[in-house]
Amino acid sequence: MPQAGLPDFADDLARALDACGAGRVDIPVIQPAEPFLDMAGEDLRRRIFLTESETGESLCLRPEFTIPVCRAHIAENVATPRRYSYLGKVFRQRRDGASEFFQAGVEDLGEVDEAQSDARALAEARALIASFAPSCEPAVTLGDQSVFEAVIAGLGLPAGWQKRLIHAFGNAQALDTMIARLASPDQASDPDPSVAGFLARGDVAGLEDHITAVMEATGYSTHASRSPTEIAARLMEKQALDATRLPPGSLDALKSFLALDLPLDRAADALTDFAATAGLDIGDARTRFAARLDALRAAGEDLSAIRWRAAFGRPLDYYTGLVFEVAAGEGGPVLAGGGRYDRLMTLLGARQSIPAVGFSLWLDRIESARAG
């Protein structure tokens with residue numbers, strides 16, 4: 001049965017997705033909330049419509065397709081490589097439009113040639129935009145989560161700080177705040193006065209006893225969430241991280257990397273020059289980056305028409321490599337976006353690592369671009 005409100009080009013789009021060799025999958029509208037809350041990122045978490053089952057299970061209206069498509073693949077235990085397509089409504093709180101809107105897309109699971117499947121995802125997304133919004137001048141932006149991770153690992157930051165920065169990647173404001181704190185640890189927030197003394201003395205046992213007493217006094221069950229031991233460990237870790245200062249040379253290197261913004265056909269050389277100047281060994285990430293560029297050229301993509309921004313990411317926590325968006329002109333609304341998410345399948349319960357990449361199309365925005 002046709003879905004109410006579908007744009008008039010939806011049937012043609014569905015056929016175009018079939019032509020990509022991606023089998024159509026139907027995903028229920030009601031989904032368990034936990035995978036999205038744990039893995040989708042803060043930007044999506046705060047916009048999810050939550051509800052609860054009769055048994056108390058936390059549920060939500062489907063906010064995106066990637067996670068449930070991956071869960072369905074794992075549940076069916078089918079062989080890879082396997083490509084899936086979808087077309088249906090997603091539900092998110094949005095400032096700039098309706099809170100329910102149609103998305104379509106492709107998820108490519110299990111293809112071991114990372115460069116080839118990355119190139120195929122970007123090329124298919126761009127070609128679909130060209131077909132269904134031919135009057136707009138698409139602006140394609142590409143980033144790479146794995147290159148960013150290689151750079152911050154090379155700078156020698158503690159694992160906790162690397163995790164913080166990776167979590168902030170793609171959020172310019174959050175990333176700027178993190179870098180400012182690394183430059184001047186004194187900007188970190190002061191600890192709760194009731195625990196400051198324990199932290200200053202490094203008194204873990206005393207801090208645990210204090211937290212236990214507070215929880216008991218307030219009637220908060222020590223079994224309901226994190227234990228006093230876990231809370232104390234997190235507070236100690238936070239104090240150590242807040243006191244970490246990035247040396248000026250390393251800070252300058254990080255800022256120089258994040259400032260890289262140029263046509264993709266010049267990106268590999270720029271990345272090589274940066275690594276040499278900064279004295280960083282990011283050879284593996286750079287090799288994968290260059291292989292993707294070769295695959296894009298082989299797919300017929302004009303690299304000079306694609307923008308690479310080192311600081312560019314997408315506001316979903318599960319990305320691990322390539323990230324990209326196709327917009328309706330410079331500064332225009334995003335019509336398509338996607339990327340690589342190799343860790344997601346195992347986090348969702350797959351027994352073995354499954355490489356994965358995909359993209360989504362925003363049908364309401366494409367419809368507006370067609371009208372314009």
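The values are calculated or read from the model by the stated rules, or taken from the named source; none is laboratory data. All values derive from a computational prediction rather than experimental measurement. Here the Cβ is made from the backbone with ideal geometry for all residues, glycine too, and neighbour counts use every protein chain on show.
Here the range 23-62 is the region considered, the condition is being assigned to a loop (DSSP other than H, G, I, E, B) and touching an Asp or Glu at 6+ places or on another chain (Cβ under 7 Å), and the residue that is farthest from residue 102 (Cα to Cα) is 41. Just a yes or no: is a residue in the range 259-276 assigned by TED's automatic domain parsing to the domain that holds residue 358, closer than 30 Å to residue 38 by Cα and modelled with pLDDT of 95 or more? No: the range 259-276 contains no residue that is assigned by TED's automatic domain parsing to the domain that holds residue 358, closer than 30 Å to residue 38 by Cα and modelled with pLDDT of 95 or more.
Counted as qualifying within the range 280-372 are the helices (runs of 4 or more DSSP H) with 3 or more residues that are among the small types (Gly, Ala, Ser) and surrounded by fewer than 17 Cβ atoms within 10 Å (Cβ to Cβ), namely 283-298.
Quickly run through the range 103-136 and pick out the residues that are of a type in the set (S, T, N, Q) and either assigned to a helix (DSSP H, G or I) or within 18 Å of the chain's Cα centre (by Cα) (or both).
Hits for the range 103-136 are 103, 116, 117, 131.
All conditions in (1) closer than 21 Å to residue 348 by Cβ; (2) surrounded by fewer than 17 Cβ atoms within 10 Å (Cβ to Cβ) hold for residue 35, with the sole exception of (2).
Hey, can you tell me all the residues within the range 63-102 that are of a type in the set (Lys, Arg) and part of a strand (DSSP E or B)? 82, 83, 89 - these are the residues of the range 63-102 that are of a type in the set (Lys, Arg) and part of a strand (DSSP E or B).
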